[in-house]
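The values are calculated or read from the model by the stated rules, or taken from the named source; none is laboratory data. Quantities reported herein were computed from a predicted structural model and do not represent experimental measurements. When we count neighbours, we look across all protein chains shown, and the Cβ atoms used for this are built from the backbone with ideal geometry, even at glycine.
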Amino acid sequence: MAAFLPDSTVLIDYLRGHGEVVAKLNALVDDGNTLGICAINVAEVFAGMREPERSVTDALLSSLDWFDISYQTAQDAGEEQARLRRSGKNVSLADVTIGCVARANDAVLLTANVKDFPLRSLQVEQLPAPR
């Protein structure tokens, strides 16, 4: 069994019923794996949520494990952001933080946007983007 942290777009795709994403997350849970979220996921999902989706969104997010953003994880995210910027990569701090949370929890990051997560030592599994 393993831990997985879906990025926010994966969570939104799940909530919007995108078949391959729904099937993948359900299969992971059915196989006894852990799915988690962090504060950045919650903020991003609610920022893109439509009001009629509130109860379903609350139900999904509250059913997932919680991965804290510790002081050390926040520091790592800041240092990764600075390293990426120095190397010419423009990656959002939110994505870097989600990646660092996954890494700190030995979780595999699930995303359709692998290029958004060029962090060292991060396990990433690419999911299909909705068509």
Task: Unique residue being hydrophobic (A, V, I, L, M, F, W, C), closer than 13 Å to LEU5 by Cβ and either at pLDDT 95 or above or touching an Asp or Glu at 6+ places or on another chain (Cβ under 8 Å) (or both) when the list is ALA112, ALA102 - done: ALA102
Task: Long-range neighbours under 6 Å by Cβ, at least six apart or interchain, first residue among the acidic types (Asp, Glu) within the stretch 33-54, second assigned to a helix (DSSP H, G or I) - done: GLU44/SER8
Task: Conditions (1) over 22 Å from LEU122 (Cα atoms); (2) in contact (Cβ under 8 Å) with a residue 24 or more places away in the chain: number failed by ALA3 - done: (1)
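Among residues belonging to the stretch 85-97 that are without any contact (Cβ under 8 Å) to a residue 40 or more places away in the chain and crowded, with 17+ Cβ neighbours inside 10 Å, point out the one that is nearest to ASN26 (Cα to Cα).
Just the residues of the stretch 85-97 that are without any contact (Cβ under 8 Å) to a residue 40 or more places away in the chain, to begin with: 85-93, 96.
Among the residues that remain, those that are also crowded, with 17+ Cβ neighbours inside 10 Å are: 91, 96.
Values: VAL91: 29, VAL96: 26 Å.
Across the stretch 85-97, the extreme among qualifying residues is VAL96.
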- [ ] Test GLU20 against the criterion of being out of contact with any Cys (no Cβ under 8 Å at 6 or more places or on another chain), among the acidic types (Asp, Glu) and more than 19 Å from VAL108 (Cβ to Cβ), and give yes or no.
- [x] no
Task: When residues of the stretch 60-80 are limited to those that are under 10 Å from VAL101 (Cα atoms), buried (at least 17 other Cβ atoms within 10 Å of the Cβ) and not aliphatic (A, V, I, L, M), the one farthest from the chain's Cα centre (by Cα) - done: ASP76
